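Trainee: Attaching a single structure in structure tokens format; questions to follow.
Every number in this text was worked out from the coordinates using simple rules, so none of it is lab data. A quick note: this is a predicted structure, and the numbers were derived from the prediction, not measured. Note: ideal-geometry Cβ built from the backbone for every residue, glycine included; neighbour counts use all protein chains shown.
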Amino acid sequence: MNLEDSFRHKGLRQRLVNDIERKGITDKKVLEAIGKVPRHLFMDSSFVNMAYKDQAFPIGEGQTISQPYTVAVQTSLLKITPEDKVLEIGTGSGYQAAVLSEMGAAVYSIERQSRLYSKTSRLLKSIGYKNVKMFLGDGYEGLPEFAPFDKIIVTAAVDEVPSALLLQLKTNGLMVIPLGERSQTMTRIRRLSEEDFEQETFGQFAFVPMLKGIAK
């Protein structure tokens with residue numbers, strides 16, 4: 001596995017950061033994290049020229065590596081602070097988890113696709129993202145044995161918020177989740193108490209649907 005991160009890669013990455021900033025991302029810590037993550041390592045080497053374009057890209061198993069702008073939006077909405085305990089639903093390529101890791105979060109990430117789980121867990125370890133723990137499992141169930149979480153991020157579309165995930169969120173914790181069937185409304189949920197939650201919305205996005213179970 002070639003883990004080279006050249007001056008060319010770093011230059012392309014800075015252009016990507018500038019592009020995302022022009023599109024309205026103002027959180028300097030998020031921009032800094034995106035500027036550090038070698039996105040080209042999360043894609044097939046034959047598509048390295050696509051790595052620093054602000055667009056999603058297929059990674060196999062019917063999944064995509066998210067558009068960097070979308071990653072920046074979700075990460076900004078989470079209001080990450082160092083040592084936050086974050087549950088990620090849908091590891092995919094591992095790119096979003098790496099951005100969270102760069103910001104000092106302890107990431108617990110669930111992937112339902114067995115092949116992606118194996119590939120991504122090896123990749124994250126080889127790059128050195130030791131504060132990302134990966135699990136093969138059903139995202140709808142979360143990780144109750146590790147709950148509660150300060151933050152929860154869902155990287156696939158759901159029609160309604162899975163109740164199990166709400167229960168795994170700390171009081172005053174935040175969840176960012178794309179809600180909707182055909183197009184998704186980015187939604188942030190804050191847990192106010194054991195039974196009370198509040199929601200805010202932040203525009204329309206497009207995500208692959210979140211599926212139940214584990215795909216072998």
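Trainee: When you count, for each residue, the other Cβ atoms within 10 Å and take the mean per peptide, how do 97-104, 191-198 rank with the highest first? Let's see the in-between values first.
Mentor: Values: 97-104: 23.8, 191-198: 10.6.
Peptide ranking by packing, descending: 97-104, 191-198.
Trainee: Also, quick follow-up: Where the convex hull is taken over the Cα atoms of the chain, what is its projected area averaged over directions, in nm²? Working shown, then result.
Mentor: On the way: hull surface 43.7 nm².
Seen from a random direction, the Cα hull of the chain projects 10.9 nm² on average.
Trainee: For T64, enumerate residues with amide H under 5 Å from its amide H, sequence gap 5+ or separate chain, H modeled in the peptide plane.
Mentor: Result for T64 returns I59.
Trainee: Oh, and also: With r defined as the distance between the Cβ atoms of F47 and K130 and R0 fixed at 30 Å, what FRET efficiency is calculated, to the nearest 0.05? Write out the running numbers ahead of the final one.
Mentor: Working: r = 27 Å, r/R0 = 0.89.
After rounding to 0.05, the efficiency reads 0.65.
Trainee: Also: At K36 and K170, where each label point lies 7 Å from the Cα along Cα→Cβ, what is the point-to-point distance in nanometres?
Mentor: 2.0 nm
Trainee: Any idea what angle helix 68-78 forms with the longest principal axis of the chain, computed on alpha-carbon atoms, 0 to 90 degrees, nearest 10?
Mentor: Helix 68-78 and the main axis of the chain meet at about 40 degrees.
Trainee: While we're here: Residue-wise, which Karplus ³J(HN,Hα) couplings in Hz belong to region 113-119, taking 6.51 cos²θ - 1.76 cosθ + 1.60, θ = phi - 60°, and x for glycine or proline?
Mentor: For region 113-119, the Karplus curve yields 8, 4, 5, 5, 4, 5, 5 Hz.
Trainee: Distance between the C-alpha centers of region 63-91 and region 97-160? Whole Å please.
Mentor: Spelled out, the Cα-based centre of one part sits 10 Å from the other.
Trainee: Please give the contour-minus-distance gain from D159 to K29: 0.36 nm per residue of separation, less the Cα-Cα distance, rounded to one decimal in nm.
Mentor: 43.7 nm
Trainee: Taking the alpha carbon gyration tensor of region 39-108, what are the square roots of 5 times its eigenvalues, largest first, to the nearest whole Å?
Mentor: Numbers: eigenvalues 100, 29, 22 Å².
They are 22, 12, 11 Å, listed from largest to smallest.
Trainee: Test of understanding: express the Cα radius of gyration of region 1-119 as a ratio to 2.2 N^0.38 Å, with N the residue count.
Mentor: Working: Rg = 13.6 Å, N = 119, 2.2 N^0.38 = 13.5 Å.
Cα-based Rg divided by the globular estimate yields 1.01.
Trainee: What percent antiparallel are the DSSP beta bridges of the chain, to the nearest 5? Mind showing how you got there, number by number?
Mentor: Working: 16 of 37 bridges.
Percentage antiparallel, nearest 5: 45.
Trainee: Another one. Whole-Hz Karplus ³J(HN,Hα) for region 121-136, in order, using 6.51 cos²θ - 1.76 cosθ + 1.60 and θ = phi - 60°, x for Gly and Pro?
Mentor: 5, 5, 5, 4, 5, 5, 7, x, 7, 7, 9, 10, 9, 9, 9, 8
Trainee: What is the packing order of peptides 151-160, 22-31, taking the mean over residues of other C-beta atoms within 10 Å and listing the highest first?
Mentor: Details: 151-160: 20.8, 22-31: 14.9.
With the highest mean Cβ count within 10 Å placed first, the list reads 151-160, 22-31.
Trainee: Now, a different point. Could you please report the charge total around D5, scoring K, R as +1 and D, E as -1 over all other residues with beta-carbon less than 11 angstrom from its beta-carbon?
Mentor: Numbers: positive: R8, K10, R13, K36, R39; negative: E4.
Around D5, the charge tally is +4.
Trainee: Starting from the amide H of Y108, placed 1.01 Å from N in the peptide plane, find each other amide H under 5 Å away whose residue is 5 or more places distant or on another chain.
Mentor: Amide H neighbours of Y108: V86, L87, E88, K133.
Trainee: Rounded, prolate or oblate, given the Cα gyration tensor of region 173-216, with a/c below 1.5 counting as rounded?
Mentor: On the way: a/c = 3.22, a/b = 1.38, b/c = 2.34.
It is oblate, given that a/c is not under 1.5 and a/b is not larger than b/c.
Trainee: Additional query: Using Cα pairs under 8 angstrom and six or more residues apart, how large is the relative contact order of the chain, in percent? Don't jump to the answer; show the numbers that get you there.
Mentor: Numbers: 422 pairs, mean separation 33.3, N = 216.
After rounding, I find 15 percent.
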